[in-house]
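To keep things clear, I will list the structure first and then write my remarks on it.
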Amino acid sequence: MPRAVLYALFLISGCSALLLEVVWTRSLVLHFGGTTLAVAAVLSSFMTGLALGSAVAGRLAARLRRPLLAYGVLEGLTGIAALLVPAVVAASSPALNALYGGANGPTLGFEVARFVVAFAALVVPTTLMGATLPMIGQYLGADRSRLARNVGLAYAFNTFGAASGAALAGFVLIPAIGMSRTAMLAEAAYLLIGLVAVAYGLRASSLAVEAQEPEASIVPERLIVFGAALAGFTALSLELLWTRIFINSFHSTIQAFSTILVTFLLGLAGGVAIGARLARRATNLSHLAALLALSALLSLLLTWRMISLPTWYVSLWAGTLNASAARIILCVALLTVPVLLMGMTLPLCLHLARNRAGQPGGLVGAVYAANSLGSAVGPLVAAFLLVPFVGAFGAVAAVALLQSAFAMVLLARKGESSAPRGTTALVFAALVLSAVLLGSSKTEFAPRVSPPAFVAQSDAVLRYRESAYGTMMVAQSMRTGEKSLFIDGFLTAGDGPGSSYIRMMGHLPMLAHPHPQSVLVICLGTGITLGSISLHAPSILDCAEINPEVPGCTRLFGEKNHNVLDSPVTRLIIDDGRHYLGRTDRRYDVITLEPMPPDFAGAVNLYSQQFDELVRSRLKPGGVFAQWLPLHLVTVEDSKAIVRAVASTFPNVLVWLMPGESSAIILASDDPLLLPARVGLDAVRNDLAQLHLDSAAALEGEIVLRSAAVQNYAGAARAVTDDLPSLEYSDFEAQVDRVGVTEVVRQNIREMLMSRSLGTH
């Protein structure tokens, strides 16, 4: 096969693999819930499958005389196996339902089963994916001296393909054709790759590569395999850590995540390509030690420059650049060089181990399996072990310390001659600097980057927590006394005047129901919505919160949320709210939620038509559903899509506008929605009086859309669905760049008022 054709096939294969990874992750999160453990189960299963495939294929490659034919068969089978993933996931539902804790949320057995099901669903296609590189290694490995170059270039093209897949998924395909069609496109690509490779493989002559005996000066194989594993561990753990740091400034949008991922993959691919061309110059372990030490040093230095990231981002965005351009510039400037160095490690390991006994496919399989296994373990260790103890900045230092320590081991094992002084000094400097920075308190650096430039210097930090579940902070203004809750750098909620809508997210649906006794609140936040509902004295008050760190922050708002977490009727469920609704058989009179902004990654799952249908199935007869509609965070098209999803599910819908603020509340029910003529409970009436909404006239006067007006407003808008999560790919940022947030709010309200004038109020 012409080398150009082979590299093209590997590029398309990498693109298809990334597309499937994105679709599978999104689909399995809908099935398992969007908790950190659920996402970890999916990603670790994916990488473990790659490692398993590479290890098995490395052992089998030596027996094959037509590795190119085997490669084609593997690619084709990957496309077929990918088709079966949804069926495997669907078949697991009865078992998962049985293990779920019902109204109490997920049990330990369920968490274990989630990992098992994720692995079972993904193991076949990912194992087949992982098996392809050893086959290519066997095909290209006749000349051991050029093994690292040839296989490294193939892997570089594969990684370039993965970067293109990340870009296509994040910016083009999913918003245009949806998840199911994106998956079908990737599966078809795999089948096409398989057909082309099989056609060439059938015409290719059989290989007869003799097993190579080890040379006397062979590099210790265990060190090289560990080095490959460390390369994967370092790359994926640092990707996670840097993503956390960047997201505290960029916010958790799909565009931000995609920008970081594409930049990272392009850097890795470039590093692999450079390493493949330069690997032959490496003659001993000191070269690998120098590369590891230099990578560690640059990672440390650039990470500590990220303390200024919020200021840089705001400055670039406020200047002539838009948000997307500002993100790209910062990602490229801060990530490119250290990631390039990381990418160079794998081909260097292949070259140093070139004299290993056995077939070249076995060598490639062993090295790539170790690299993939390290990639599976790295993010888990970083998220669940390092970040909770030393924070994201300290975790970067810990990873750099591991790199530096291994570099020191390599120098000690070199054997032939003393290492160059420059290399020794470089390794020693990396070791000392990483140890010093690891010893620094995480609070010395992290709070300076976590709250973006929106927090005044004089604000007091009441609580700061970094965990596997995100970065949490509560800040208090020393001037006004107002408290604000930040989650991953975003001002989620507060107790100031601009957050009055949070109270109405509780009051309004309770007032619209004649006798609300059982209530579910999805998303705890400050707890003010939950506290407002408690004033209505329900007998059951459940709250599903995805982040176990949030309740500790909620208690700091006890004065405003009436210390609702201490109420005997309050029951806290730590789980994805949508996942809980899908697993429990409990029914409610009222379900209300105020999730993160619609364009934040994962939040769209609480705005889709399928979610609305799930809510309807969990409401008792006459039940009321309340949905937050942030007019300052959505375009007119987004707002209409959200309303269309609700109106396509419930026969009775109204939209209520919070006076003096930029938030609206959607109420929906199977029964007609009527607000009471008089508020009965004194506690409720007093709370509403503070908002000047304690009369029927005041409440009714803020209904901006009802009945026919809702249909006029939604019009022919395409509802948000699980398959086409349009909100995540909104052009809201672009509109803000053009006209500003205030004008976006005005456009939303103006469109609603026009629809009301055409309909029946």
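Given a Förster distance of 35 angstrom, what is the FRET efficiency for SER477 paired with LEU753, based on the Cβ-Cβ distance and rounded to 0.05? The computed FRET efficiency comes out at 0.55. At most 11 other Cβ atoms within 10 Å and a DSSP loop assignment: could you name the chymotrypsin sites (Phe, Trp or Tyr not before Pro) in segment 28-128 that fit? When the chymotrypsin sites (Phe, Trp or Tyr not before Pro) of segment 28-128 are filtered for loop state and at most 11 Cβ neighbours within 10 Å, nothing remains. Placing pseudo-labels 7 Å out from each Cα toward the beta carbon at ARG181 and GLN690 gives an inter-label distance of 5.0 nm.
Mean sequence separation of contacting Cα pairs (under 8 Å, at least six apart), scaled by the length of the chain, corresponds to a relative contact order of 14 percent.
Would you please state the base-10 log of I(q)/I(0) at q = 0.15 1/Å for segment 222-449, with intensities from the Debye formula using one equal scatterer on every alpha carbon? Those come out to -0.97, one per q. Among the trypsin sites (Lys or Arg not before Pro) within segment 53-121, those in coil by DSSP and having at most 12 neighbouring Cβ atoms inside 10 Å are ARG63. Of the residues MET658, VAL736, LEU753, the one whose Cα sits farthest towards the positive end of the charge dipole of the chain is VAL736 (charges of +1 on Lys and Arg Cβ, -1 on Asp and Glu Cβ, taken about the Cα centre). Between the beta carbons of ASP671 and ALA460, assuming R0 = 41 Å, the FRET efficiency works out to 0.30 to the nearest 0.05. Note that segment 263-346 carries a Kirkwood radius of 14.0 Å, evaluated over its alpha carbons pair by pair. Across the alpha-carbon atoms of segment 497-758, the computed radius of gyration and Dmax are 17.1, 50 angstrom. The C-alpha radius of gyration of segment 1-54, expressed as a fraction of 2.2 N^0.38 Å, stands at 1.44. Our summary gives segment 80-200 a relative contact order of 22 percent, counting only alpha carbon pairs under 8 angstrom and 6 or more residues apart. Restriction of the trypsin sites (Lys or Arg not before Pro) in segment 470-555 to DSSP coil positions whose beta-carbon has at most 14 other beta-carbons within 10 angstrom yields ARG479. Seen from LEU28, the other residues with C-beta closer than 13 Å to its C-beta sum to a net charge of -1, counting Lys and Arg as +1 and Asp and Glu as -1.
Kirkwood's formula applied to the C-alpha pairs of segment 284-393 gives a hydrodynamic radius of 16.9 angstrom. Counted by neighbouring Cβ atoms within 10 Å, the residues SER477, SER93 run from fewest to most as SER93, SER477.
Need the list of aspartates and glutamates near LYS560 for cross-linking: C-alpha distance under 16 angstrom, and skip anything on the same chain fewer than eight residues off. Straight-distance partners of LYS560: GLU482, ASP495, ASP687. Backbone amide hydrogens, once placed in the peptide plane, bring ARG571 within less than 5 Å of LEU541, ASP542, CYS543, excluding anything fewer than 5 places away on its chain. Computed over the chain, the P(r) tail beyond 36 angstrom holds 47 percent of alpha carbon pairs. Computed about the Cα centre, the dipole magnitude for the chain is approximately 2280 debye when only Lys and Arg (+1) and Asp and Glu (-1) carry charge, each at its Cβ. The three principal axes of the C-alpha atoms in segment 374-436 carry coordinate ranges of 41, 25, 12 Å, sorted with the longest axis first. Among all stretches of the chain without exposed GluC sites (Glu not before Pro) (DSSP loop, at most 12 other Cβ atoms within 10 Å), which one is longest? After excluding every exposed loop site, the longest remaining stretch is 417-761.
What FRET efficiency comes out for ASN97 versus LEU192 if R0 is 45 angstrom and r is the Cβ-Cβ distance? Round to the nearest 0.05. Calculated transfer efficiency: 0.70. Summarising the strand pairing of the chain, around 65 percent of its internal DSSP beta bridges are antiparallel. In the chain, the calculated helix contribution to ellipticity at 222 nm averages -20500 deg cm²/dmol per residue, counting -39,500 (n - 2.57) for every DSSP H run with n ≥ 4.
Quick note: the coordinates plus some simple rules give every number you see, no bench work behind them. It should be emphasised that the depicted structure is a prediction, and the values quoted were computed from it without experimental measurement. Here the Cβ is made from the backbone with ideal geometry for all residues, glycine too, and neighbour counts use every protein chain on show.
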